[in-house]
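**Q** Mind looking over this structure? Questions follow.
The values are calculated or read from the model by the stated rules, or taken from the named source; none is laboratory data. In this text the structure is predicted, and so the values were computed from the model without any measurement. Every residue, glycine as well, gets a Cβ built from its backbone with ideal geometry; the counts of neighbours run over all protein chains shown.
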Amino acid sequence: MAAGLSLDESKLDAFSAAFDEEVTRWTDPAVPANRVETDGELSADEIALETAQALREGGPWGQAFPEPCFDGMFAIKNVRVVGDKHLKMWVTTADRTRAFDAIAFNFKGADENPTLPDGDVRLVYRLDINEFKGERRLQLLVDHVLR
C-alpha cells in the first residue's frame, strides 16, 4: 500500500535508518528473498474457464488476501512480444494433453527478443478470463517462468 509523508531534509538520514531497522525487524531471515509461494498445482481439468469464474467471484483480492496463484509444468509452444514488453504465449501441459493461451505482462527482457528455455518449464500463474468481442476465453496470467 502507498503512504506519503513530509519530512525535513535534515531528518532524512535518521528516518532512513529507522525505516531500515523496522523492515529488518519484520523480515524473517530464514525466508529467502526470492521465494515464490503458490496455492499449489492444478490438474489439467481444473485449469478451466469455470475455475477462473469461481475465483473471480471469490474475491475481492488485495493486501493480506492475495489472488490465488498456481504453479505447474508446461511446455511453451509459441511466444511473441506484444506491446513492446509483454509475452503472449501458447503453452501445453507437460503431458501435452491440453493447450492454453497465456500472457506475461511486463516481462523482463521482452524488448530484447527474449529466449525462453526449451522443454518443460515451471510457470507460476493466475487464472483469468479474457473477454474480447463478446467471447470469454480462459487465459493464464504468468507471473514467473522458472527454469
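**Q** Check off (1) surrounded by 11 or more Cβ atoms within 10 Å (Cβ to Cβ); (2) more than 17 Å from Val124 (Cα to Cα) for Arg25 and give me the number that stays unchecked.
**A** Evaluating Arg25 over (1) surrounded by 11 or more Cβ atoms within 10 Å (Cβ to Cβ); (2) more than 17 Å from Val124 (Cα to Cα) leaves (1) as the failure.
**Q** So which residues in the range 35-75 are among the hydrophobic types (A, V, I, L, M, F, W, C) and either in a loop (DSSP other than H, G, I, E, B) or at pLDDT below 90 (or both), if there are any at all?
**A** Val36, Leu42, Ala44, Ile47, Ala48, Trp61, Ala64, Phe65, Cys69
Residue by residue, here is whether (1) touching an Asp or Glu at 6+ places or on another chain (Cβ under 9 Å); (2) under 22 Å from Asn34 (Cα atoms); (3) at pLDDT below 90 holds:
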residue	(1), (2), (3)
Ala102	no, no, no
Asn113	no, no, yes
Arg122	yes, yes, no
Arg136	no, no, no
Val142	no, yes, no
Leu146	yes, yes, yes
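Each row is one residue, and each column tells you yes or no for (1) under 15 Å from Arg126 (Cβ atoms); (2) surrounded by 11 or more Cβ atoms within 10 Å (Cβ to Cβ).
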residue	(1), (2)
Asp45	no, no
Glu57	yes, no
Asp71	yes, yes
Thr92	no, yes
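**Q** Working only within the range 46-89, note down all residues that are under 15 Å from Leu141 (Cα atoms) and aromatic (Phe, Trp, Tyr).
**A** Phe70, Phe74
**Q** If you don't mind, another one. What is the number of the single condition among (1) within 18 Å of the chain's Cα centre (by Cα); (2) assigned to a loop (DSSP other than H, G, I, E, B); (3) among the aliphatic types (A, V, I, L, M) that Leu5 does not meet?
**A** (1)
**Q** What about Gln63, is it in contact (Cβ under 8 Å) with a residue 60 or more places away in the chain, more than 23 Å from Arg122 (Cβ to Cβ) and loosely packed, with under 10 Cβ neighbours inside 10 Å?
**A** yes
**Q** A further question follows. Just wondering, is there one or more residues in the range 89-103 that are under 16 Å from the mean Cα position of the chain (by Cα), farther than 17 Å from Arg147 by Cβ, of a type outside the set (Phe, Trp, Tyr) and not in a strand (DSSP E or B)?
**A** no
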